[in-house]
Amino acid sequence: MSKPLAIIQARHGSKRFPNKVDELIGEHTMWYQVLKRVDMAVNALMAWPENYPKLDENDVLGRYQATVREYSFPDPDPIIRITADCPLIEPRHILWVLGIYAHKKIPVLTSPAWDGFDVEVFSQATLMAINPRDDDDREHVTPALRRGLYYEVPLDPPIHWSVNVPDDLGFVREVYQSCRYCATAVPHHTNAAASIGGWDRHPIWDLHQVDDGGLVECTAYDVLKGRIG
């Protein structure tokens, strides 16, 4: 039996923003906020460098492969790659990308233009077969996948919602404080050309879609729109 597994890469160090994943957003650390949100969609594990002391801290590929080897039941497939600096990621977005993968049967990567909603889905076999060409392949994993057959999700407009520098953290904290729906991962509304599961999806950032199917205003939209291209 196989089930999707999200592996969230994280480290306490960072050249631009040391210990950023340990910063508080609301009552919890950034990494915990990401884990909580991802776990609403699929089983999720953190991949810390200290869990694999024999590996170089920058060897993210090695951490992913080692995590999969240790996670034996249920057999994880496919693997979903998430980074711990995306505290605004939405569970439904992850499920949507996972659905595209189920149809395409090749690695599915979101566009780099959606910085903060990054989701990469690939089979366990693909992950374990990656033969890194250089240190960049080991640290970022994706360059190796992009040299082969893959599908890139065409997302528009661009966003910058990840936390790379202290100013980004201030932005995310303001979003969490301004909108309880953003803070609790209630998804933003989307239009689809064919159906709610369609591929041609367009986010409507000023509205959230609640459980009963209704729409509510995103009270953080004025903050968000400053980082929407």
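Throughout, read-outs are computed from the coordinates displayed, never taken from laboratory work. What you are looking at is a predicted structure, and each value in this text was computed from that prediction instead of being measured. Here the Cβ positions follow ideal geometry from the backbone for every residue, glycine too, while neighbour counts run over all protein chains shown.
Rank-order 58-71, 125-138 by packing density, defined as the average count of other C-beta atoms within 10 Å over each peptide's residues, highest first.
58-71, 125-138
For THR219 and SER111, what does the FRET efficiency come to when R0 = 35 Å and r is the distance between their Cβ atoms, rounded to the nearest 0.05?
Between THR219 and SER111 the formula returns 0.80.
If you take the Cα Rg of the chain and divide it by 2.2 N^0.38 Å, with N the number of residues, what do you get?
0.99
Give me the orientation-averaged projected area of the Cα convex hull of the range 41-97, in nm², one decimal.
Mean projected area for the range 41-97: 4.4 nm², to one decimal.
Please label the shape of the range 117-221 as rounded, prolate or oblate, based on the square roots a ≥ b ≥ c of the eigenvalues of the alpha-carbon gyration tensor (a/c under 1.5 means rounded; beyond that, a/b larger than b/c means prolate, else oblate).
oblate
If you add up the charges near VAL60, with Lys and Arg at +1 and Asp and Glu at -1, over every other residue whose beta carbon is less than 11 angstrom from its beta carbon, what do you get?
So the environment of VAL60 carries a net charge of -3.
Using only the Cα atoms of the range 61-154, what are the Rg and Dmax in Å?
12.8, 35
Given 37 °C and 0.692 mPa s, compute D for the range 129-176 with the Stokes-Einstein relation, Rh being the Kirkwood radius over Cα pairs; round to the nearest whole µm²/s.
Translational D for this selection: 240 µm²/s.
With springs only between Cα atoms under 10 Å apart, run a GNM on the chain and tell me which of LYS54, LYS36, LYS20 wobbles the most.
LYS54
Can you give the net charge of the other residues whose Cβ lies under 11 Å from the Cβ of HIS28, counting K and R as +1 and D and E as -1?
Summing Lys and Arg as +1 and Asp and Glu as -1 gives -1.
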